[in-house]
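Heads up: the structure comes next, in structure tokens.
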Amino acid sequence: MLNIALPKGRLGQKVYAALEAIGKGCGDIFGESRKLIFENADAGVRYFLVKPSDVAIYVELGAADIGVVGKDILLENDPDVYELADLGIGKCKMAVAAKCGYREDMSRPVRIATKFTKIAKDYFDAKNRECEIIKLYGSIELAPILDISDVIVDIVETGTTLKENNLEVIEDIVPISARLIANKTSHKFKLAEIEGIADNLNKG
Ligand code: PRP
């Protein structure tokens, strides 16, 4: 039995559709039900529906053998797992953004609002730019508008959220997409099953 942690939401639905297409379906797991565990014993798979930011924890701790997670979460949390494949979906980027026309004041540390404190710190440290990080949990775009930060470090997909709030990207940090990850022990003992799924998802 292969245990798979799927992120709730659009990304998980796409990945599940690809797994269903190769005979690993378990019925309507993204339907109305509030169930969190779905099993298809004949196909040898069990799915856990988890919050996207928790996928890597289930995989690292071995509750799930494999999972699908955004590269942003891997960079931010640095879990001890194998990254097996770039699934080429859920594409977006991590970027620095600010109010349109923003000019940086180099005489003081730059104030950064973000959910991704490690990614932000690593990026500004690499540039030798002193910074102060303000950790937020959502609606990050409000921070520079209300002047609690100079810039934000956040995910940009279509750019609509920035545009509608009169913000713009000032620097790209890294491209992001969904990755297939595996627990290190599972990868050793369930290699054929895991590689089979990785190959099929890669083809899709
Ligand atoms: C993410 C991100 C941006 C938005 C970017 O937010 O934090 O706010 O999506 O997408 P866009 O470029 O297509 O507009 P999310 O929907 O995850 O909400 P939250 O950050 O407020 O939790």
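The condition of being more than 30 Å from Ile134 (Cβ to Cβ), in contact with a Gly (Cβ under 6 Å, 6 or more places away or on another chain) and in contact (Cβ under 8 Å) with a residue 40 or more places away in the chain holds for only one of Ala41, Ala64, Ala18, that being Ala18.
Of all residues in the range 89-113, those satisfying the criterion of being assigned to a strand (DSSP E or B) and over 22 Å from the mean Cα position of the chain (by Cα) are Ala98, Lys99, Val110, Arg111. Suppose the filter is surrounded by fewer than 17 Cβ atoms within 10 Å (Cβ to Cβ) and either under 19 Å from Phe116 (Cβ atoms) or touching a residue at least 12 places away in the same chain (Cβ under 8 Å) (or both); does Leu11 pass it? The answer is no for Leu11. Listed by position, the strands (runs of 3 or more DSSP E) inside the range 114-204 whose residues that are surrounded by 15 or more Cβ atoms within 10 Å (Cβ to Cβ), in contact (Cβ under 8 Å) with a residue 24 or more places away in the chain and within 22 Å of the chain's Cα centre (by Cα) number at least 2 are 151-156, 167-176, 178-182.
Conditions tested, residue by residue: (1) of a type in the set (Gly, Ala, Ser); (2) part of a helix (DSSP H, G or I); (3) surrounded by fewer than 17 Cβ atoms within 10 Å (Cβ to Cβ).
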site: Ala5; (1), (2), (3): yes, no, no
site: Glu20; (1), (2), (3): no, yes, yes
site: Glu32; (1), (2), (3): no, no, yes
site: Ala43; (1), (2), (3): yes, no, yes
site: Tyr58; (1), (2), (3): no, yes, no
site: Gly67; (1), (2), (3): yes, no, no
site: Asp72; (1), (2), (3): no, yes, no
site: Asp80; (1), (2), (3): no, no, yes
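So is Gly31 touching a Phe, Trp or Tyr at 6+ places or on another chain (Cβ under 9 Å) and at pLDDT below 95 or not? So Gly31 fails the test.
Within the range 151-190, the set of residues being closer than 19 Å to Leu87 by Cβ and either within 14 Å of the ligand (Cβ to nearest atom) or hydrophobic (A, V, I, L, M, F, W, C) (or both) comprises Ile155, Glu157, Val174, Pro175, Ile176, Ala178, Leu180, Ile181, Ala182.
Tell me whether the range 34-52 contains one or more residues that are farther than 19 Å from Lys190 by Cα and among the polar types (S, T, N, Q). Looking through the range 34-52, none of the residues is farther than 19 Å from Lys190 by Cα and among the polar types (S, T, N, Q).
The values are calculated or read from the model by the stated rules, or taken from the named source; none is laboratory data. This is a predicted model, so every value here is computed, not measured. Quick reminder, even Gly has a Cβ in these numbers, built from the backbone with ideal geometry, and neighbours come from all protein chains shown.
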